[in-house]
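The values are calculated or read from the model by the stated rules, or taken from the named source; none is laboratory data. Only a predicted model underlies this, so the values are computations on that prediction, with no experimental measurement involved. We place every Cβ from the backbone using ideal geometry, glycine too, and count neighbours over all the protein chains shown. The area values use the complete protein model at the heavy-atom level, side chains included, leaving out ligands, DNA and RNA. Shrake-Rupley method; radii C 1.70, N 1.55, O 1.52, S 1.80 Å.
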Amino acid sequence: MSHCALAASGLVAGYPGAAPVLDGAGLTVPPGRRLALLGANGSGKTTLLRCLSGALPPATGLITVDGAPLRHTRRGLREHRQVVQLVLQDPDDQLFSASVGQDVSFGPLNLGLAEEEVRARVAEALELLAVAPLAARPTHQLSYGERKRVAIAGAVAMRPCVLLLDEPTAGLDPTAVADTLAALTRLQEHDSTVVMSTHDVDLALRWADEVAVVVDRTVVQGPPGRILGDGDLLARARLSRPWALAVGTRLRALGLLPDGPLPRDATGLLAALPDRPGVPT
């Protein structure tokens, strides 16, 4: 895997018989970075991911990889899906083989790779997603969190440069969320660019290098602290302010936090507080 620059510009996209969900939307996926995609239900997050993956041709606009436009032909889509892979929110939409190992091998086999190469890719993907012990288990015997990680492993076995994940932590308990985020960290360390859609503003703030908010049929993108600290933008997008920014702002007003970027999680807040109340750091 190597870092490729995925981008969208001027996207107008939607579904037959309805107004466009996206109208003039653009997005830049920074190579090797973690991008969180936020927005209310129905805002167009999944539509944008489907356009980026090639699954949904936009009415107008461009999807590019390293500046080269995506061609919606059989060959063009085949080439694109070796660079960009989309994992849907519901893992049962993507798991259909009898066992975990068979499911993860499906994509590489369809590329016509040699058996040895397929085995290597499957082993690598299972290890990265921490599901190697489940290789022989029937997919219907997995927990919901395990099924989500196996679905991601199936995409990873294609060795894409960019992974598009639609709500990968939705419906998971805290331990499963932590397991999933740890797996995503390992993927980034192995040169994958990860784009994750989520409703969780707190998760986006602490996890992402950059965030993009889908609002008013377009996209606003930038650093997490600036975008998620913009109250007007969050109100328009029907999102709440991350608690770390709300608490940090109040603590700074009380003179308990120094100037500079606000902490993005509980660990950062605790580290920034003075040892004794009333004593500046």
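Tabulated results
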| read-out | value |
| --- | --- |
| Where region 59-154 is the region considered: accessible area per residue in Å², 1.4 Å probe | 53 |
| Proximal charge balance of Leu142 [Cβ under 12 Å; K/R count +1, D/E count -1] | +1 |
| On Cα atoms only, tilt of 174-189 relative to the major axis of the chain in degrees | 70 |
| Using θ = phi - 60° and Karplus 6.51 cos²θ - 1.76 cosθ + 1.60, couplings along region 235-252 (whole Hz; Gly, Pro as x) | 5, 5, 8, 6, 10, 8, 6, x, 4, 5, 6, 5, 5, x, 4, 5, 5, 5 |
| Per residue solvent-accessible surface (Å²) - region 1-53, probe of 1.4 Å | 36 |
| Accessible surface of region 1-155, 1.4 Å probe, proportion on carbon and sulfur as whole % | 52 |
| Helix 115-128 axis, angle to the chain major axis (alpha carbon atoms, nearest 10°) | 20 |
| Charged-residue dipole, Cβ positions (Lys, Arg, Asp, Glu), region 156-238 about Cα centre, Debye nearest 20 | 160 |
| Isolated Cys in the chain, by beta carbon distance under 4.7 Å | Cys51 |
| With every protein chain in place, region 181-265: carbon and sulfur % of accessible area (1.4 Å) | 50 |
| About the Cα centre, charge dipole magnitude for the chain (Lys/Arg +1, Asp/Glu -1 at Cβ), debye | 420 |
| Cα long-axis angle, helix 100-110 against the chain (0 to 90 degrees, to the nearest 10) | 70 |
| Options Gly24, Gly260, Thr46, ranked by Cα towards positive dipole end of the chain, top entry (Cβ charges) | Gly24 |
| Options Leu126, Gln102, Leu187, ranked by Cα towards positive dipole end of the chain, top entry (Cβ charges) | Leu187 |
| Per-residue ³J(HN,Hα) for region 13-21, Karplus 6.51 cos²θ - 1.76 cosθ + 1.60, θ = phi - 60°, Hz, x for Gly and Pro | 8, x, 9, x, x, 9, 5, x, 7 |
